[in-house]
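Everything on this sheet refers to the single structure shown next.
The values are calculated or read from the model by the stated rules, or taken from the named source; none is laboratory data. Because the structure is predicted, anything quoted here is derived from the model rather than measured. We place every Cβ from the backbone using ideal geometry, glycine too, and count neighbours over all the protein chains shown. Only protein heavy atoms, including side chains, enter the accessible area calculation; ligands, DNA and RNA are left aside. Shrake-Rupley method; radii C 1.70, N 1.55, O 1.52, S 1.80 Å.
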Amino acid sequence: MEDKQLKELEVFAAKIRRDILEMLQHRGYGHVGGSLSLVEAYAVIYGKQGKFDPANPKWEGRDRVVLSKGHAGPVMYSTLAEMGYFPKDWLMTLNDGGTNLPSHTDRNKTPGVDATTGSLGQGTSQAAGIAKALKMKGADPFVYLFVGDGELNEGQCWEAFQFIAKEKLDNLIVFIDDNKRQLDGWTADVMENFDLAKKMEAFGFFTQRVDGNDLAAVDDAMTVAKAHKGEALCIVLDTVKGAGIPFFEETVMNHSMKWDNDKINEATAEAIAKLDEIIEGGVA
Ligand SMILES: Cc1ncc(C[n+]2csc(CCOP(=O)(O)OP(=O)(O)O)c2C)c(N)n1
Ligand SMILES: [Mg+2]
């Protein structure tokens, strides 16, 4: 990737990160850790690798993004708002009664959202079905599926993966957000996943493991995956839950947090000021 494009993606990622913080602080609580861990992957998909038309969210030729870990809605909403799918002031309605931006992603409510998720595991089967249907139609679009490392405790994920591998759905990339933590703490303590890359390979996936909070690494892995034909595709994103902001990275229980004390409000203000510097100094 050229330096200029990398710089643009850095600014895009900073905007997504800032929007996540602003919307959650405004709401007063929410799923911060698992939203922040996916910022770089979202920036690369929407800023470079994917095909989308924000003015026409249902465009047949669009790539499909299935956020199976639907509680990370804030990363999706922030990205879609920055892309122009809907006005940015919608972000301040997160989780309100009647909102278009419910806590978990809902295809009937938000322009640009293609799958209703939140019950962990179910997005994996939806993505498999979407990818299979696109293949049967001979259509080009890619499907990008995001699954959490804790979510993998749901057996449904492994049933869907088996189908994806058996059908050789090389138009679907399974991204595993391996941020090592889930709702109740460390994934290794709750239900160890062991070596995820080896496991996915054993399931029949062409698998890469990359630093999921490194824009260039995610971009390179996507380019390699898209060129690889005839096998199911997986990218294990080695991420940090709460990525990009020391306060959230260091708070182990950062799954869903409350903005109800000075410490979190000060950390948020400091983070937003730093992100604004990146955004103002940038090119996008
Ligand atoms: C079927 C189901 N069981 C339990 C939950 C409650 N729940 C929401 S998020 C979560 C933990 C998910 O962890 P992970 O997939 O690692 O997400 P991340 O770390 O990216 O936030 C749990 C248990 C749920 N949403 N759906
Ligand atoms: Mg996790």
Problem set entry | Subset of the stretch 203-233 (residues that are part of a loop (DSSP other than H, G, I, E, B), more than 16 Å from ligand 2 (Cβ to nearest atom) and either more than 19 Å from G123 (Cβ to Cβ) or of a type in the set (D, E, K, R) (or both)) | G204, D214, H228, K229, G230, E231
Exercise. Being touching a residue at least 60 places away in the same chain (Cβ under 8 Å) and under 19 Å from I16 (Cβ atoms), is that true of even one residue in the stretch 183-192?
Worked result: no
Seminar exercise, completed: Exactly one of V240, V252, V224 is under 19 Å from E151 (Cβ atoms), more than 17 Å from the chain's Cα centre (by Cα) and surrounded by fewer than 22 Cβ atoms within 10 Å (Cβ to Cβ), and that one is V252
For this session: Could you list all residues from the stretch 256-276 that are open to solvent by less than 40 Å² (accessible area, probe 1.4 Å) and within 13 Å of I245 (Cα to Cα)?
Result: I264, A267, T268, A271, I272, L275
Exercise. Pick from A115, A139, A160: which is at pLDDT 95 or above, of a type in the set (A, V, I, L, M, F, W, C), away from ligand 1 (no atom under 13 Å from the Cβ) and farther than 16 Å from G73 by Cα?
Worked result: A160
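Test K199 against the stated conditions and say whether it is in contact (Cβ under 8 Å) with a residue 12 or more places away in the chain and either charged (D, E, K, R) or in contact with a Lys or Arg (Cβ under 9 Å, 6 or more places away or on another chain) (or both). Break it down stepwise before answering.
On the way: in contact (Cβ under 8 Å) with a residue 12 or more places away in the chain: no; either charged (D, E, K, R) or in contact with a Lys or Arg (Cβ under 9 Å, 6 or more places away or on another chain) (or both): yes.
Here the answer is no, as K199 does not meet what is asked.
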For this session: Hey, can you tell me all the residues within the stretch 114-160 that are assigned to a loop (DSSP other than H, G, I, E, B), open to solvent by less than 60 Å² (accessible area, probe 1.4 Å) and of a type in the set (D, E)?
Result: D114, D149
Problem set entry | Matching entry among P111, P102, P87 (being out of contact with any Asp or Glu (no Cβ under 7 Å at 6 or more places or on another chain) and open to solvent by less than 30 Å² (accessible area, probe 1.4 Å)) | P102
Seminar exercise, completed: By residue number, the members of the stretch 20-53 that are over 17 Å from N213 (Cβ atoms), touching an Asp or Glu at 6+ places or on another chain (Cβ under 9 Å) and away from ligand 1 (no atom under 15 Å from the Cβ) are R27, G28, G50, K51, F52
Seminar exercise, completed: Selection over the stretch 161-202 where residues are over 21 Å from D63 (Cβ atoms), open to solvent by 70 Å² or more (accessible area, probe 1.4 Å) and either more than 16 Å from ligand 2 (Cβ to nearest atom) or small (G, A, S) (or both) yields a count of 6
Problem set entry | Considering residues of the stretch 12-64 that are within 16 Å of ligand 2 (Cβ to nearest atom) and in a loop (DSSP other than H, G, I, E, B) only, the residue most open to solvent (accessible area, probe 1.4 Å) | H31
Exercise. If we scan the stretch 124-132, do we find a residue that is at pLDDT 95 or above, within 16 Å of ligand 1 (Cβ to nearest atom) and under 16 Å from S35 (Cα atoms)?
Worked result: no
